[in-house]
Every structure is written in structure tokens, then in C-alpha cells.
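The values are calculated or read from the model by the stated rules, or taken from the named source; none is laboratory data. Since the model is a prediction, treat every value here as computed from it, not as a measurement. Cβ: placed from backbone, ideal geometry, glycine included. Neighbour counts: every protein chain shown. These accessible areas exclude ligands, DNA and RNA; they are computed on the full protein's heavy atoms, side chains included. Shrake-Rupley method; radii C 1.70, N 1.55, O 1.52, S 1.80 Å.
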Amino acid sequence: MSDIAVRVENLSKQYSLGTRGTNLTLREAISSSLRTPLKWFNTRSNSNARKFWALDDVSFEIKHGEAVGIIGHNGAGKSTILKILSRITKPTRGRVELFGRAGSLLEVGTGFHTELTGRENIYLNGAILGMSRREIDRKFDEIVAFSGVERFLDTPVKHYSSGMHVRLAFSVAAHLEPEILIIDEVLAVGDAEFQKKCLGKMNEIAGGGRTVLFVSHNQDAVARLCQRAILLESGRLILDGSTEEVFSQYLSSIDRLSVELPLDPAMVMADGGVAWKFDLSRFPIAGDSHGSPYQSKVIVLENGKRLGPPHTFHETIRQHGMGAYSHWGTYLYFSSSDNTDPRSNGRAYIVKLDQLSQE
Amino acid sequence: MENISPNSSRVVASSEAHIVIEPPRGWAALDLKELWHYRELLFFLAWRDIKLRYKQTALGAAWAILQPLLTMIIFSIIFGELAKLPSNGIPYPIFTYTALLPWQLFAFALTNSSNSLINSQNLISKVYFPRLIIPLASTLAGVMDFAIAFLVLLGMMAYYHIIPTLAILYLPLFLLLALLSALAVGIWLSALSVEYRDVRYIVPFLTQFWMYATPIAYASSLIPEAWRLLYGLNPMTGVVDGFRWALLGMDIQSGLMIGVSAIVVLAMFISGLYYFRQMENNFADVI
């Protein structure tokens, strides 16, 4: 017997975009199968569909008791790997072996029903996450104490505040005790105090000799839990090493991410300025939807040249009549006050996230 | 029952669970062991369905009685009194109520299980468990209503002085056949519904049509001899005749008919299981 807990070999997952995946109607399926009867037998290999590899030949091993962080930009394949490891979806190629009981937390509160009481939801959610009734019975008091909702145990969850809801959900999930724990960014839930409690609980789990796979953008959280990390990019494994090493590569790779603004603005402001919809989800920090502790800086480039020093999102940039506008950088705003049309000469404006720094 | 809990394995030996995740290939066999492992989830989900059904209704569980009772009254007036359909010597109300009981269980289980996967989208895309649990649980959830409505039937039997014979011992078999029929269709339709949302619209028509093809308002002896075998392909014919035979002592039209329909159900059930297993791998990606 080896000391390997998770073995991932040449794992690949292909998704098709477009034709399949969206829900066909039966009529369409029947008529298309009548037109080309043979195709019916291999609808899965429909060649019209655009395909892409969400995971491409990824291999790694994790030893028992090891905590490993999985890091990558949005769309790098982190969620896909989690989904395969937690058996929600099957790989297209390759193979995974799990030695030990695996449990996954991809989202807190899965299966919570708002009409049911807190007590009922603990049992239901516990069962959905794979706990037995006896196990829930045994941990019930602990779960309730951790969540801090004792007084509302017999109240339907729909009357809970969102904070209470999330605390109870996390509490159930945190008491799941598999040998291999697969966690998506569920850490930062609730208020600051509860977040601290969550992190503490996670440390306890990771420290308790359990194998943990943890996906997060939160460097601090990953560093605290994991000594080792894996960096994914476009479905490929780029780096497998110590957390510091991987994060430094990850942070430097952010510089390569950029958003090119289209020539037509999303809207024209009242003062004649123009604003672009600025898709922040393209940037890795945006995935941390729970409120990132990072301060993000933006630089505006013109034909590859930096226009002035980097600027934080919230402050208005005055140089060259440009402004980062709206909260959390949803819109990039170019004011007309300086008589500079940002679109003159059809120049491409590229917005880059320059660096991440802890506040 | 002490140590069957899967979680005890964690304490005993950590190497016991070994899971291999590979691309789907060919026909997947039904993993009964795994299904058994998840039996508690099955009951929790059925329990949730039962619990939620009459939440925030003024009449609560009384609906379980009211539905068949009101249908019985309407049927008795229209088909019993006005159309004067023969009920073969049995008082019409109890004649039709005995049929409505398994029918409503069947119709409920069929509808519920057909829509079950779509209604559980968030579970399917977030947690792993054998997906078969979902239609199974929603089929089971109907049994509670049946049990409540059955008490009313016992009351009616007392009122009409109908004493059941030993044939009543066969009742669970017919009940099982009704559930299995619903499940057989439900598994097929739920697996189809993941890709084809048409199922939502097909089901109401299907149940309505099916009800007319089942001897609920009338006796199966009304069907011409020549059509009996074809008619017998409908498993609910066998179930309803079986109920009337076991509870009211009515003649069963032909035991062969029930045998035929049981085989039909079994074939549908098994093919449904295989189809379901085949499609299961894609549920999370497609739904």
C-alpha cells in the first residue's frame, strides 16, 4: 500500500460550446435524427459543436495528510478539476484514483431548503454531503454551537438573516470529516469574526492529518493551509511547487492578463465622456467575490506604452483625461473634460492589472 | 445495525475506500452496493418531499384525503348516477375510490419523479451521489398520501359492510406494481428531461390519457374481449383490477393480463435503469 491519497493521471476534460449543452427540444432532436439517421448513434461526437479543453493532460499526486492549494485564473480549469474529483462530472480522458473517503465542499448550503427549520436542514444537508444520521446525531450539538443559531433552531430557515443562513450551512459542511477534503472557496463567508472562525476550523481540519485540496484566490488563506500549490493555466498544469513559489509565478502572470477595450463604448455619459464596460471577472482577483483583501491597481496602456503611473481603481485618473469610474471598476470612464478623445486614431487601449498587494 | 455506517470505515482503516474516476465507457452496470450505501439520503429526500408538500397550506395533510375523496364524489355523480356505468354489484363510490387510491399514487409518483431531476439541478451540479436516488425518493414520497387515503377506504368498507377476504394479503404486491410502473416511466422521463425540457409538458397529457386507459371510472369487463390483451399491456389495469379483487372481492378479468403487464413494467424499468445510467454521466454538464 502506498501513501498516496490522490493520484491524477493525464486528466483531460472537453466541453462543447454551442449546439449541445443548451437544451434542445425533442422536436429538434427527432427531426435532426430523421434527416441524418446515423448521426443519432453518435450524437456525442457532434462535430458542429465548438469544443474546448477545460483540462488538458493534468497529472499530480497528493500524499496522505498533505494540503495542496489549486491556483489559477478564472477559467483555468480549477472548478473542472474539483468537479471531477468530487465525481460530479466525468473526465473525457485520464484517470483519478482516490484512496480514502472523499468529501467535497463546492458551495455552502447545497440542498438547504428555506421552508425547513434549522434543525431539519442540518440533517438534510448533512445527508446530502454524505454523513450518516448517526454521525449527524453525534455532531449535532457541535454543529449548532459552531453556527451560533441555537435560538432559531426550530425556525424555518427562510426567516434567517443571510449571515445566519451561511453560518449554519458552513457549520454543517465543516463537520463533514472525510479523509480527503475537497474545498472550493467557501472560506470567506459571513462577517469578519465568523470568517476568522472558519479559517480556524479549516486549519484544524488541515492540521488534523487530513488530505486537503483547496481552491482559492486568497493567497493568505492558501498559504495558511497549504505548503504546496499547483498552478493551472488554460487547463494545463503550469507549476507544482511550494505555495510561495507558485504564488509568485501566479502574481507575475497576472501582468500578462489584459483587457482590450472595444472601439465602441458601452455608454456615453451626460457630460459627453464615454465609458466602457470593464469585465473584471477576467482578472483573477475578481473571482474572490467575497470581498478581496487585495488592493488592485490598474494601468492604462496606449499601444503598449504606459500612460502615467498605475492607479488604484477607486480614484479618478486625471492624466490624459481618463478616469477609472464606478465602484469596483465596473466601468472604465474616459472623461471628455480634458478634450481628449480616447478613441482618436483608433488606438487600442489596454487595461492591465499591474500588481496585487496586500492592504 | 451498529457498524454498517459507512463512516465507521474511517476509524477502522483509511485505505478501505478506493475510488477510481475514469471516462464513461460502454454500458455502466447498476451499482447496487453504492445505492445501498446512500439509502439514508433516499429517506431524507423522501422525508423532505413529504414535509414540504403541505407546508403553508391551510388544510395541510387533509389534502391527501380530499383529493381522492372529491374525485370520487365527482365520478360517482357523473359516471355512477348520470352515465350509470356498471360497477358490477359494488356500490359505485367505493368501486371508484378503490381504483383512485392506486391511481393517484401512480400519477403522483410518475409526475414527481419525471420532474425530479430538473427540480434538483443545484444538487446535481454541486454534490455527488447516485442520481437514481432522486427519482426514487420522489416516488417514495407519494406513499404517505396513499397511507392516509387508505384509512378512508377502510372506513368506507366498514360503512358498506364489505369484509375483505384473505386476498387482501396480495395487496402489497399490487401496490408494488403501481410504484414500479410509476418508477419505470419516471426514470425514463427524468433522464430525458435533463436534455429535453418537453417532458414537463408531456407528463400532464400522459397522465390524463393514461387515466382514461385505466379502469377507474368503469370496470375492465366493459372492454371487449378482443381488446383485452392489448388493454392488459397497461400495468395500471392490472393494479386497479388487483386492488378491486383484493379489497372488494371482484372478479379479476384474467391473471394472465396482470402477468403480461408485470413483464412490460419490468422491461421498461430495466431499460430505464440502463438509459438512466448511460445518461447520468452527463447530467451535471447538460442540466
(request) State which residue is modelled with the highest pLDDT when the search covers only region B:255-287 and only residues that are open to solvent by 40 Å² or more (accessible area, probe 1.4 Å) and of a type in the set (Ser, Thr, Tyr). (result) B:Ser271
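A quick yes/no check of all residues on (1) within 21 Å of B:Ile287 (Cα to Cα); (2) within 14 Å of another protein chain (Cβ to nearest Cβ); (3) not hydrophobic (A, V, I, L, M, F, W, C):
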| site | (1), (2), (3) |
| --- | --- |
| B:Ser114 | yes, yes, yes |
| B:Ser120 | yes, yes, yes |
| B:Leu123 | yes, yes, no |
| B:Pro130 | yes, yes, yes |
| B:Ile134 | yes, yes, no |
| B:Val143 | no, no, no |
| B:Ile148 | no, no, no |
| B:Leu151 | no, no, no |
(message) Pairs needed: first member in region B:41-58, in contact (Cβ under 8 Å) with a residue 60 or more places away in the chain; second member anywhere, open to solvent by 40 Å² or more (accessible area, probe 1.4 Å); C-beta distance under 6 Å; at least 6 residues apart or different chains.
(response) B:Leu42/B:Leu136; B:Ala46/B:Leu140; B:Ile50/B:Met144
(request) Show the residue pairs that are 6+ apart or on different chains and have beta-carbon atoms under 8 Å apart, the first residue being within region B:13-40 and within 10 Å of chain A (Cβ to nearest Cβ), the second being open to solvent by less than 70 Å² (accessible area, probe 1.4 Å) and at pLDDT below 70. (result) B:Glu16/B:Ser9; B:Ala17/B:Ser9; B:His37/B:Pro6
(request) Kindly indicate whether any position in region A:85-100 is more than 7 Å from chain B (Cβ to nearest Cβ) and either assigned to a loop (DSSP other than H, G, I, E, B) or open to solvent by less than 20 Å² (accessible area, probe 1.4 Å) (or both). (result) yes
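Would region B:153-172 turn up any residue that is under 12 Å from the mean Cα position of the chain (by Cα) and not β-branched (Val, Ile, Thr)? Step through it out loud before you land on a result.
Step one: filter region B:153-172 for residues under 12 Å from the mean Cα position of the chain (by Cα), giving none.
Scanning region B:153-172, I find no residue that is under 12 Å from the mean Cα position of the chain (by Cα) and not β-branched (Val, Ile, Thr), so the answer is no.
Just name the residue that is least open to solvent (accessible area, probe 1.4 Å) out of those in region B:219-239 that are part of a loop (DSSP other than H, G, I, E, B) and touching a helix residue (DSSP H, G or I) at 6+ places or on another chain (Cβ under 6 Å). Walk me through how you get there before you give the answer.
Of the residues in region B:219-239, the ones part of a loop (DSSP other than H, G, I, E, B) are B:219, B:223-224, B:233-234.
Filter once more, keeping what is touching a helix residue (DSSP H, G or I) at 6+ places or on another chain (Cβ under 6 Å): B:223, B:233.
Values: B:Ile223: 32, B:Leu233: 74 Å².
The selected residue is B:Ile223.
Would you check which residues across region A:98-148 are of a type in the set (Ser, Thr, Tyr) and in contact with a Phe, Trp or Tyr (Cβ under 7 Å, 6 or more places away or on another chain) and list them? Give the steps one after another, and end with the answer.
First, pick out the residues of region A:98-148 that are of a type in the set (Ser, Thr, Tyr): A:104, A:110, A:114, A:117, A:123, A:132, A:147.
Passing the criteria: only A:Tyr123.
From the list A:Gly118, A:Gly126, A:Gly103, A:Gly109, which residue is within 12 Å of another protein chain (Cβ to nearest Cβ) and touching a Pro at 6+ places or on another chain (Cβ under 9 Å)?
A:Gly103
A quick yes/no check of all residues on (1) surrounded by fewer than 23 Cβ atoms within 10 Å (Cβ to Cβ); (2) touching a residue at least 12 places away in the same chain (Cβ under 8 Å); (3) closer than 23 Å to A:Ala67 by Cα; (4) touching a Lys or Arg at 6+ places or on another chain (Cβ under 8 Å):
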residue	(1), (2), (3), (4)
A:Val144	yes, yes, no, no
A:Ser162	yes, no, no, no
A:Val172	no, yes, yes, no
A:Leu176	yes, yes, yes, no
(message) Between B:Pro68, B:Pro93, B:Pro130, which is out of contact with any strand residue (DSSP E or B) (no Cβ under 6 Å at 6 or more places or on another chain), of a type outside the set (A, V, I, L, M) and not in a helix (DSSP H, G or I)?
(response) B:Pro130
(message) Between A:Ala169, A:Ala174, A:Ala127, which is more than 24 Å from B:Leu42 (Cβ to Cβ) and among the aliphatic types (A, V, I, L, M)?
(response) A:Ala174
(request) Looking only at region B:67-89, decide whether some residue is loosely packed, with under 14 Cβ neighbours inside 10 Å, farther than 24 Å from B:Phe243 by Cα and modelled with pLDDT of 90 or more. (result) yes
